[in-house]
1. Does segment 59-66 include one or more residues that are within 16 Å of ligand 2 (Cβ to nearest atom) and within 22 Å of GLU164 (Cβ to Cβ)?
2. Is it the case, given these coordinates, that ILE90 is of a type in the set (A, V, I, L, M) and within 20 Å of ASP153 (Cβ to Cβ)?
3. Are any of the residues in segment 330-346 outside any helix (DSSP H, G or I) and free of Cβ contacts under 8 Å to residues at least 24 places away in the same chain?
4. From the list GLU23, GLU59, GLU13, which one is outside any loop (DSSP other than H, G, I, E, B), more than 23 Å from ALA274 (Cβ to Cβ) and of a type in the set (D, E, K, R)?
5. List pairs: first residue in segment 1-13 and of a type in the set (Val, Ile, Thr), second residue part of a helix (DSSP H, G or I) and surrounded by 14 or more Cβ atoms within 10 Å (Cβ to Cβ) anywhere in the structure, Cβ distance under 8 angstrom, at least six positions apart or on different chains.
6. If the requirement is being under 20 Å from VAL22 (Cβ atoms), away from ligand 2 (no atom under 16 Å from the Cβ) and small (Gly, Ala, Ser), which of these qualifies: ALA169, ALA150, ALA154?
7. What pairs come out if I take residues in segment 297-318 that are at positive phi and without any contact (Cβ under 8 Å) to a residue 60 or more places away in the chain and pair them with residues that are more than 11 Å from ligand 1 (Cβ to nearest atom) and hydrophobic (A, V, I, L, M, F, W, C) whose C-beta lies under 6 Å away, six or more apart or interchain?
8. Filter segment 303-328 down to the residues that are within 13 Å of ligand 1 (Cβ to nearest atom) and surrounded by 18 or more Cβ atoms within 10 Å (Cβ to Cβ) and list them by number.
Amino acid sequence: EHLKMLIDKLKKEQALTKEEWVELIEGRNAELAEYLFALAREERHHYYDHDVYVRGLIEFTNYCKNDCLYCGIRKSNSNAKRYRLSEEDILSCCGTGYELGFRTFVLQGGEDGFYTDEKLVHIISRIKELYPDCALTLSIGEKSRESYQAYYDAGADRYLLRHETANAAHYAKLHPASLSAANRQQCLWDLKDIGYQVGTGFMVGSPYQTAEHLAEDLLFIKKLNPHMIGIGPFIPHHDTPFADEKAGTLELTLFMLGLLRLMLPKVLLPATTALGTIHPKGRELGIQAGANVVMPNLSPVSVRKDYSLYDNKICTGDEAAECRFCLERRMKSIGYNIVTSRGDSLNI
Ligand code: 5AD
Ligand code: FES
């Protein structure tokens, strides 16, 4: 009952302390989760009704100069079959997406020096020229503030950069020494300051993660107050140092989605592909826990299976249109509707 009181406190938009977050996470059970999800849905319906926003994800390169221990496209993975999409390929994905009703495109890729700022600015300008009514999101990792500014000036509207874990020591266990939690977080502040709508997020159940770490993630996110939060279970990839680690659970990921919805009621919260990968109804359950966004894949089917961050990723053999209609059906089956507006965040 004490834990229900903490959830009620959250619902009233009162901040929780780190100790209270830890209590909630460690003390959770099925009944508490149901209580949380009902309140999370109430908030979600209040601000976003039964609408589900769609983002067309274009995975344009799987080259990456980084070596994150969890990620299948890390540079040391010599088994990864590398690819890059040309500007024309990318524009053609946008065209397909536009026809299918997408009004947000997300360009996601590894940290790939082949795409210089000059090339990226050109791609961004072309997309915004051809599709002025669409929002353009970038998800291309850590760059200098000047680079972020250049993309913004070229027309990029939003930027996704998961902080991965707010705890510096935990961050160091998941990443090579060349990367730091501090720099990652600085990037997020820079992006916000420039004027991007910003998305952050973390993996649930990554190796060495504790309830304290998750509590720190929630506190960091509260402070950053992003427009979007992407979370999904960690899933091992067979060609990484974490091949034999356990995957994050559906249950904890859903619980974290519910907490995030109550903590930031207006935030955009995707039911991610990783969630759909660990359970056949993962994305539907995510929506029912408080999520309100889905991000189907627009990448050409010829390269889909090569953008392999983790094992058994869903949708790698499906055409964009199949995913679009599949998701439409899935959302309808639980009483929600895919909408085709830009879907800007109400969390401003
Ligand atoms: N399992 C789950 N998510 C992963 N990501 C990278 N590798 C994995 C994995 N093995 C997530 C990271 C990254 C996002 C693009 O994908 O959080 O920010
Ligand atoms: Fe891709 Fe269902 S969303 S096949």
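No value in this document is a laboratory result; all are computed from the given coordinates. If you're wondering where the values come from, they're calculated on a predicted model, not measured in any experiment. Cβ: placed from backbone, ideal geometry, glycine included. Neighbour counts: every protein chain shown.
1. Yes: one or more hits.
2. yes
3. no
4. Every option except GLU23 fails the conditions.
5. Going by the 8 Å Cβ cut-off, the qualifying pairs are ILE7/LEU24; ILE7/LEU32; ILE7/TYR35; ILE7/LEU36; ILE7/LEU39; ILE7/LEU262.
6. Within the list ALA169, ALA150, ALA154, the selection yields ALA169.
7. What qualifies is CYS315/CYS323.
8. So the first thing to find is which residues in segment 303-328 are within 13 Å of ligand 1 (Cβ to nearest atom), and the list is 307-314.
Of everything in segment 303-328, those that are within 13 Å of ligand 1 (Cβ to nearest atom) and surrounded by 18 or more Cβ atoms within 10 Å (Cβ to Cβ) turn out to be TYR307, SER308, LEU309, TYR310, LYS313, ILE314.
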